[in-house]
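Student: The structure's right below; bear with me while I get my questions together.
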Amino acid sequence: MRGLTAALEWQSRAVVGRHLRVYLKNWHTSFLPPVLEPITLLLAFGLGLGAYMSSGIEWNGRLVGYINFVAPGMLAYATFMTAIFQSLFGAFIRMRYQRTWEGQLTTQIELRHVVWGEILWAGLLTTSYVAIVSLVLSGCQALGVLQLRLEYLPLVIPIVFVAACAFAALGLCFTALVPTIDHMNLPIFLVVLPVGFVSATYFPLGHPVLAAISTANPLYHLAEGLRGLLLGDRAGYHLAGLAGLLAVMLVILVPLDMRLLRKRVLGD
Amino acid sequence: MAGMPPLLEARALVKRLGGRLVVDGVDLVCHAGQVLGLLGPNGAGKTTTLRMLYGFLSADAGAIRFEGADVSRDLNRFKRQLGVCTQEDTFDGDFTVRQNLEVAAGYFRPRPPEVRRRVDELLERFALATYAGDKPEALSGGFRRRLMIARALVHRPRLLFLDEPTTGLDPQARVAVWDLVNGLRAEGLGIVLTTHYMDEAERLSDALTVLAQGKVVAHGTPKSVLGDMLGEHVVVLEADGATMPAVAAWLGTRGLGEPLAVLGVWHLPLSGEQLADFARSFPALRYEVRPPNLDDLFLKLALPCAG
């Protein structure tokens, strides 16, 4: 329990503050990916691939334009990938190469704060990323490219934050387990990409087996939940499923992260 | 100091790592204004002991007290009083020298007062002001160590842990670190120091605790530790003479074990009486007699069968 409540302690905020300070030093380069990536993806998937589906695609029994189908999925996928990559590579580099954690642990910061600091930072970074992507989507809507219910965008932000924290908790497990940075390919190809594949972010899951598997996938519920909000359809089922899965992930994975990283970092 | 509890006191510390008993009942005491040298060969349990003392690892058994209070009751409050300089450089490579000190200050509550002034003071004192805007990687080894020690002091701790602070430094940089440690002791800080350099331990330490195989094998002033563990004299002789078998036999019959051999030279720690006996037994042998030093102690500890 103490491991979970450490999220609220000042030490976790101090760790987040440190990461934020580094991020703000490099804001001009950090700012580019969330602006350019959605534009590129909307051009490639929405306008490029979407041009071959001029009648749109069927979703929840109705036809929607492919670009409108993709845009909420893009927010979900950005949430997943940003949080996972931050907790995999960013955290691993700080732990292994920069020895930032070891330096922090010689102060009043304890391992549970380092873990929560990484998770909360991944959540915050991902949320800011998704907020910028949302602004780009709003710009596209103003240009008439998209037709989304933009009034629901503010609801997306807290959902994305909690989801990103849970995905970061998953990423930290792999950070604790992989021996070297080269071994990151294992979780990426065996877990991250398959989860992304069975998520209905960029295409609907027509195959019954994939559809069945996707019900246990939080990214699927995130994509469909955001889609429901932004396209005006039932979102409650997916958001409830998402909340349940995220709660289970956080309650199981955060203590597991602490246990694995205690062994890895402290040798204890 | 009489009647006052020591700044730091550890009793019967035990730690197992990976199923192996690494620290086995270690006791130690450090007072304010005192440098306690923690010595021992590789694998003796020094760093593990130190890591338990500064709260990085939890002890399996035993107690650590700060000014008489059990630190496990409020570890966070205890850690506010500590400064830690680890063996490896763990400064934050994303920040400049100045920012490293500022960021480290943010890891303590209550917040250190007047952080900016404190950082300026430390930059000046540790001769780091010229490099305040540089990344730590740009510093030489000696200045990196200074930064590590300065960072450990940014919140004005009362107890400082220095884990091999001069390893890898050139002699000039080592002397500079010694001067800093002396100054900090004079200001009343308690300092727990581990080192492999025997001259460093002898010069800096007011008291020594010597570990071997996870246990305390000697404690006291450097002079008393050497006297207890080695004797008053060390006989140094070339080990290629024909009389060597006789010398080995002489050691064996007196229960003094094997001689400490370094590069073909034997070092025999002896008491005054044993030295007189040795001189009578080998009147024609050429040898040198010198006072013992901590190198002899290390050699003895590294060769436990040496008696």
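The values are calculated or read from the model by the stated rules, or taken from the named source; none is laboratory data. All of these numbers come straight from a predicted model, not from anything done at the bench. Every residue, glycine among them, receives a Cβ derived from its backbone with ideal geometry; neighbour counts consider all protein chains shown. Accessible surface is based on the protein model in full, side chains and every heavy atom, while ligands, DNA and RNA are left aside. Shrake-Rupley method; radii C 1.70, N 1.55, O 1.52, S 1.80 Å.
Student: If I take R0 = 45 Å and measure r between the Cβ atoms of residue B:17 and residue B:179 in this structure, what FRET efficiency does the formula 1/(1 + (r/R0)^6) give, to the nearest 0.05?
Tutor: 0.80
Student: Can you give the net charge of the other residues whose Cβ lies under 11 Å from the Cβ of residue B:66, counting K and R as +1 and D and E as -1?
Tutor: Taking every other residue near residue B:66 into account, the sum is +2.
Student: Chains B and A: buried accessible surface, both sides, probe 1.4 Å, rounded to 100 Å²?
Tutor: 2500
Student: While we're looking at this one, here's another question. Run the simple label-point estimate for residue A:180 and residue B:137 please: 7 Å along Cα→C-beta, distance reported in nm.
Tutor: The answer from the label model is 2.0 nm.
Student: Something else about it: Residues of segment A:1-29 that become at least 10 Å² less accessible with every protein chain present than in their own chain isolated, using 1.4 Å: which are they?
Tutor: Residues shielded by partner chains are A:10, A:11, A:14, A:18, A:21, A:22, A:25.
Student: Moving to a separate point now. Which distance in nm do the two modelled labels at residue B:295 and residue A:97 give, with both placed 7 Å along the Cα-to-Cβ direction?
Tutor: 4.1
Student: May I ask for the net charge around residue B:293, where only other residues with Cβ less than 15 Å from the Cβ of residue B:293 are counted and Lys, Arg are +1 while Asp, Glu are -1?
Tutor: Summing Lys/Arg as +1 and Asp/Glu as -1 gives -4.
Student: Let me ask you something else. Sequence-distant or interchain residues sharing an amide H contact under 5 Å with residue B:211, placed H: which?
Tutor: Correct list: B:39, B:40, B:217.
Student: Also, quick follow-up: Ordering B:21, B:169, A:8 from largest to smallest accessible area (1.4 angstrom probe), what's the sequence?
Tutor: Order by accessible area, largest first: A:8, B:21, B:169.
Student: Considering only DSSP beta bridges where both residues belong to segment B:8-226, give the percentage that are antiparallel (nearest 5). It would help to have the intermediate numbers written out before the result.
Tutor: Numbers: 20 of 37 bridges.
Counting DSSP beta bridges with both partners in segment B:8-226, the antiparallel share is about 55 percent.
Student: Calculated FRET efficiency, residue A:233 and residue A:29, Cβ-Cβ r, R0 41 Å, to nearest 0.05?
Tutor: 0.60
Student: Continuing with the same structure: Tell me, what does the Kirkwood hydrodynamic radius of segment B:232-291 come to in angstroms if you use every pair of distinct C-alpha atoms? Numbers along the way, then the final one.
Tutor: On the way: mean 1/r = 0.0872 Å⁻¹.
After inverting the mean inverse Cα-Cα distance, the result is 11.5 Å.
Student: Mind checking the full-extension length gain between residue B:243 and residue B:170? Use 0.36 nm per residue of separation minus the Cα-Cα distance, one decimal, nm.
Tutor: 22.2 nm
Student: At 1.4 Å probe size, with the rest of the protein present, what percent of the exposed accessible area of segment A:70-194 is carbon and sulfur atoms?
Tutor: Using a 1.4 Å probe with all protein chains present, segment A:70-194 comes out at 71 percent carbon and sulfur.
Student: Something else now. In segment A:68-110, which residues give up 50 Å² or more of accessible area once the other protein chains are added, compared with their chain alone (1.4 Å probe)?
Tutor: A:98, A:99, A:102, A:106, A:107, A:108, A:110
Student: Can you list which of the DSSP-assigned H helices in chain A have a Cα extent of 24 Å or more along the long axis and an average Kyte-Doolittle score of at least 1.6?
Tutor: On the way: long enough: A:66-85 (27 Å, 1.35); A:111-142 (46 Å, 1.18); A:153-177 (36 Å, 2.42); A:236-261 (36 Å, 1.74).
Those that pass (Cα extent of 24 Å or more, hydropathy at least 1.6) are A:153-177, A:236-261.
Student: At 1.4 Å probe radius, can you tell me the per residue accessible area of chain A in Å²?
Tutor: In whole numbers, chain A has 42 Å² accessible per residue.
Student: When every alpha-carbon pair in chain B is counted, what percent end up more than 27 Å apart?
Tutor: Values: 23253 of 46971 pairs.
For chain B, the share of Cα pairs beyond 27 Å comes to 50 percent.
Student: Give the cross-link partners of residue B:300 among the aspartates and glutamates, using a straight C-alpha distance below 14 Å as the criterion and excluding same-chain residues fewer than 8 apart.
Tutor: In chain and number order, the partners are B:228, B:258.
Student: If you don't mind, there's one more thing I want to ask. Tell me the Kirkwood radius of the protein assembly as shown: reciprocal of the mean inverse pair distance over distinct alpha-carbon atoms, in Å.
Tutor: 27.6
Student: Pairs B:46/B:135; B:46/B:79; B:15/B:215: which exceed 21 Å Cα-Cα?
Tutor: Distance filter (> 21 Å) returns B:46/B:135.
Student: Can I ask one more? What distance in nm separates the two pseudo spin-label positions at residue B:288 and residue B:258, each 7 Å out from Cα along the beta-carbon direction?
Tutor: Each label point is offset 7 Å from its Cα along the Cβ direction, giving 2.4 nm.
Student: Now, a different point. List the aspartates and glutamates whose Cα lies under 16 Å from the Cα of residue A:25, skipping any in the same chain that are fewer than 8 positions away.
Tutor: Correct list for residue A:25: B:92, B:94, B:102, B:134.
Student: What residues have an amide H closer than 5 Å to that of residue B:61, excluding those fewer than 5 places away on the same chain, when H is modeled at 1.01 Å from N in the peptide plane?
Tutor: Distant-sequence amide H within range of residue B:61: B:14.
Student: Right, another one. As a test, work out the antiparallel percent of DSSP beta bridges whose residues both lie in the protein assembly as shown, rounded to the nearest 5.
Tutor: In the protein assembly as shown, DSSP labels about 65 percent of beta bridges as antiparallel.
Student: Of the heavy-atom accessible surface of segment B:8-226 (probe 1.4 angstrom), what whole percent is carbon and sulfur?
Tutor: Of all accessible area on segment B:8-226, carbon and sulfur atoms account for 46 percent.
Student: Please give me the summed charge of the neighbours of residue A:9: other residues whose Cβ is under 11 Å from its Cβ, Lys and Arg +1, Asp and Glu -1.
Tutor: Surrounding charge for residue A:9 is +3.
Student: Sticking with this structure for a sec: Other chains near B:81-91: what is the mean number of their Cβ atoms within 10 Å of each residue's Cβ?
Tutor: Taking the mean over all residues of the peptide, I get 3.
Student: Something else: In Å², and per residue, what accessible area does segment B:238-303 have when probed at 1.4 Å with the other protein chains present?
Tutor: 56
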